[in-house]
Structure formats: structure tokens, C-alpha cells
Amino acid sequence: MLDQVVQWTQNLDAIVESLLLCRVLTLKLHRVYTFITLFCTVNVLFDLAGWVLGWQSRANERLYIYSLFLLAVVIPFAAWDVFEEIKTRIAKLRRVHAARLVSGIFMSSIFALILSAFLDAKDENGESSVRAVIAILIWAGSCSASLAFVRFIFKAVRTDKIELPNNTFVWAVFCMLTFVLSIVGCALALLGFLFNKAVRDGVELGLIGIELALTTWCMIRLRAVPSEASSVADETRS
């Protein structure tokens, strides 16, 4: 019964994430928040694939592992994109923390590769799970470094009393909480074997429920960017 509830919640979450992407495109936010739009698009594509293949299928499990490698690359760019509307006012601050972001991702990747040399684990189907562990660790490292990046800049901006545009605030909150949920999901994936299936399903259901509420809140709170800000972004990227 709980399995079915989790799957229906995953289906609903996929629908809401698709609506968020539609909201971003309708408001033309992709002109300013290019990488956040890419992040939303990647999430929707993998959600749709999981829905078609079956959330608990072996094919989706394999796809999920490879999706983590891609998300580990996209997430830092999405974190960088959060402050696009105020980039001229925090250019120096963003560059300083960007170096920490890159170093954090690099160190976590090195740790994952070193750890993989000592692993020879098999999953319940007898297949090697080393690739899965590496993907999860790199993904967690990327989320952690990106979370620190957004949090430090967000805190510094508020300390300096720099006015935050509506979308900047929304994306900052959305990204920080999304990264936290991803890190918790990483811990569940690595340590889930310590708990019985009912507990794992319950935690997963709770995480999906929080993500569903967060995505809905983000979709409702987003607003169109003033035309002048959008024009500046287009000129900068051209």
C-alpha cells in the first residue's frame, strides 16, 4: 500500500515540476536564468522517463545513476544563476565564492574516486554498485558545495542590506532547500539498508512531499523579470 502511495506522489511531483518549467518558460525567465531553466528541464525529462519506465524498475534505477552524474554538473551552474538579477552588485563576492564552489566539487569528486578503489560491492541483483556509490557521492558533494555557495552569498547580501528582487529570493530559497533534500536523499540511498522497507518508504514519501510543496510554492511566487533586466542579461550573454 505504501509503495503505491509513494509512486502516486512521485507522479504528482513530476506533474508539478513540469508545471514549474512551463511557468519559467511562460514568464520568459529562461532569458535570465538559463542554467536554472536547464536544471528544471533535466529534472522533468528524468521524471518523465521514470514514469514511463516505472519508478521501481531496473531500467529506471540505471537511468537514475547516470542522471546523478549529469545533475552534479548542472547543479553548480544553477546555483551560480540564482543571483543573476543582482550580478553587477555582487560580482566580486560571487567570484570569491565561486572558487570555493569549484574546489568543493573537485575535492568531493576526488574522494569518491579514491573510495571507489576500495569498494567491490554488489547490489541485491548481483551487479556491481560501485558506480552507484560514486554517482551518489559526487552528486552529494556537488549539492553540498552549491548549498554553501548560495547560502554564503544570500547571507552576505542580507547582511549588506542589498535589496533582493522577488525571483532572486524565491530561487535562493528553492535551491537551498532543494539541495538539502538532495543531501538527505543521498544519505538515505547510502544508509537505507540500515532500516526496514517501511521506514525507507516513509522517509522517501516525506521527502517527496516536501519537494512537492516547495516546487508549488516556487511556481506560485515567481514573477516576470522587468524588461530592462532581461535585456541586460541578453546583452551580457551575447
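The values are calculated or read from the model by the stated rules, or taken from the named source; none is laboratory data. Model, not experiment: these values are computed from the prediction. So basically every Cβ, Gly included, is an ideal-geometry build from the backbone, and we count neighbours across all protein chains shown.
Can you spot a residue in the stretch 199-207 that is out of contact with any Phe, Trp or Tyr (no Cβ under 7 Å at 6 or more places or on another chain), closer than 23 Å to residue 149 by Cα and without any contact (Cβ under 8 Å) to a residue 60 or more places away in the chain? Step through it out loud before you land on a result.
From the stretch 199-207, those out of contact with any Phe, Trp or Tyr (no Cβ under 7 Å at 6 or more places or on another chain) are 199-207; that's our starting set.
Applying the additional criterion that residues be closer than 23 Å to residue 149 by Cα yields 207.
Narrowing further to those that are without any contact (Cβ under 8 Å) to a residue 60 or more places away in the chain: 207.
Yes - at least one qualifying residue is present in the stretch 199-207.
For residue 152, the conditions (1) within 24 Å of residue 43 (Cα to Cα); (2) modelled with pLDDT under 95; (3) within 21 Å of the chain's Cα centre (by Cα) all hold with the exception of (1).
Based on what the data block shows, is residue 152 in a helix (DSSP H, G or I) and crowded, with 22+ Cβ neighbours inside 10 Å?
Values: in a helix (DSSP H, G or I): yes; crowded, with 22+ Cβ neighbours inside 10 Å: no.
The answer is no for residue 152.
Whether a residue is in contact (Cβ under 8 Å) with a residue 24 or more places away in the chain and β-branched (Val, Ile, Thr) was assessed, and residue 220 does not pass this test.
Out of 101, 115, 137, which single residue is modelled with pLDDT under 90, touching a Pro at 6+ places or on another chain (Cβ under 9 Å) and surrounded by 12 or more Cβ atoms within 10 Å (Cβ to Cβ)? I'd like the intermediate steps shown before the answer.
Working: 115 fails: touching a Pro at 6+ places or on another chain (Cβ under 9 Å); 137 fails: touching a Pro at 6+ places or on another chain (Cβ under 9 Å).
Result of the check over 101, 115, 137: 101.
Any residue that is closer than 29 Å to residue 223 by Cβ and at pLDDT below 95 - is there at least one of those in the stretch 49-67? No, every residue in the stretch 49-67 fails to be closer than 29 Å to residue 223 by Cβ and at pLDDT below 95. Name the residue, out of 156, 172, 213, that is out of contact with any Phe, Trp or Tyr (no Cβ under 9 Å at 6 or more places or on another chain) and in contact (Cβ under 8 Å) with a residue 24 or more places away in the chain. Result: 156 is the single residue among 156, 172, 213 that is out of contact with any Phe, Trp or Tyr (no Cβ under 9 Å at 6 or more places or on another chain) and in contact (Cβ under 8 Å) with a residue 24 or more places away in the chain. Looking at the stretch 163-192, which of its residues are over 17 Å from the mean Cα position of the chain (by Cα) and under 21 Å from residue 141 (Cα atoms)? 190, 191, 192, listed by residue number.
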